[in-house]
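What follows is a single structure, written as structure tokens, with notes after it.
The values are calculated or read from the model by the stated rules, or taken from the named source; none is laboratory data. These numbers come from a predicted model, not from an experiment. Cβ atoms come from the backbone with ideal geometry, glycine included; neighbour counts cover every protein chain shown.
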Amino acid sequence: MIEIRNVSKSYGDFRVLDGCTASIAAGSVVVLCGPSGSGKSTLIRCINSLETIDDGDILVDGKSIRAPGTDLSALRARIGMVFQTFELFPHRTALENINLAQIYVRKRTPAAATERSMALLERVGLADHAHKFPAALSGGQQQRVAIARALAMDPVAMLFDEPTSALDPEMICEVLDVMGSLAEQGMTMLIVTHEMAFAMRVADRVLFMDKGRILEDRDTASFFTEPHTERARDFLSKILLHNTGASRQSGQAPSVDVVMSESLWRRRFRVDA
């Protein structure tokens, strides 16, 4: 489905991606994680050419994004993207936000676009909010509209760039539930996230990045129980304990996944409470 081949990119003298290679098979869910500034968002944005690459190549369904004549607009229509911020038009209703690209890119009639949009709003639990403007929606609701907008283009794969990072803790579950249902339905997904409990539940594989390089490409169980690199072990020990603490601070009981992962890491790496 998606092949990332020895991809490198620099901003001036700063090497943000350094020889990244990975593949995402059709129907699989891959989580891309790592510390801030490791190149995760840049890599995911390179897949649909929102960022250009200096070296290497990326293939989508066997077609190179760098090949002469590649229709980037058509590529982006086939690869749905959900950003950290919602990127909704503030002067358009939820329904209109989802309709626009269908009408102007997919060339659907307004009636057909509206039918598709309403079905997707129903799917993400927002049919009753179709005619509200973004300002009248919560952050979690806006992000679910953004997911529906991406799905309206009938993508072959979905890219998520930290979709819950701008949300309050109580709203995160709304978005993760929608993403989890997509995973269950077989959508090909590449997800940049720090939500490790979610990654353990839905991911088939985990890519771990640091300093522009993919240091680990493992099946999910192996990554969380026996990471190969010291850098990944350090990252996991810190982020799993942080997630547990954040849940407690918000007044919510930590999820079973988080509690189990915290316990595992305390035993395996002798992390003090």
Does residue 66 meet the test of being under 30 Å from residue 16 (Cα atoms) and more than 19 Å from the chain's Cα centre (by Cα)? yes
Please find, among 186, 180, the residue that is farther than 19 Å from residue 40 by Cβ and within 12 Å of the chain's Cα centre (by Cα). 180
Would a scan of region 73-95 turn up a residue that is modelled with pLDDT of 90 or more, among the basic types (Lys, Arg) and under 24 Å from residue 198 (Cβ atoms)? no
Quick check, is residue 63 under 30 Å from residue 4 (Cβ atoms) and touching a Gly at 6+ places or on another chain (Cβ under 7 Å)? no
Note: among 160, 133, just one is among the aromatic types (Phe, Trp, Tyr) and over 23 Å from residue 48 (Cβ atoms), namely 133
Selection status of residue 97, more than 30 Å from residue 214 (Cβ to Cβ), of a type outside the set (A, V, I, L, M, F, W, C) and crowded, with 18+ Cβ neighbours inside 10 Å: yes
Could you please give the count of residues in region 101-124 that are touching a residue at least 24 places away in the same chain (Cβ under 8 Å) and either surrounded by fewer than 18 Cβ atoms within 10 Å (Cβ to Cβ) or assigned to a helix (DSSP H, G or I) (or both)? 10
Cross-chain or 6+ apart pairs with Cβ under 7 Å, region 197-215 first and without any contact (Cβ under 8 Å) to a residue 40 or more places away in the chain and basic (Lys, Arg), then in a helix (DSSP H, G or I) and surrounded by fewer than 20 Cβ atoms within 10 Å (Cβ to Cβ): none
Go through (1) at pLDDT 95 or above; (2) farther than 24 Å from residue 179 by Cα; (3) of a type outside the set (Phe, Trp, Tyr); (4) in contact with a Leu (Cβ under 7 Å, 6 or more places away or on another chain) for residue 16 and report which single condition fails. (4)
Mind listing just one residue for me: the one in region 125-174 that is among the hydroxyl-bearing types (Ser, Thr, Tyr) and surrounded by fewer than 17 Cβ atoms within 10 Å (Cβ to Cβ) and, of those, nearest to residue 199 (Cα to Cα)? 165
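Condition first: more than 30 Å from residue 61 (Cβ to Cβ), within 16 Å of the chain's Cα centre (by Cα) and part of a helix (DSSP H, G or I). Now tell me which residues in region 125-170 satisfy that.
140, 142
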Selection from region 14-72 of residues that are touching a helix residue (DSSP H, G or I) at 6+ places or on another chain (Cβ under 7 Å) and small (Gly, Ala, Ser): 34, 49
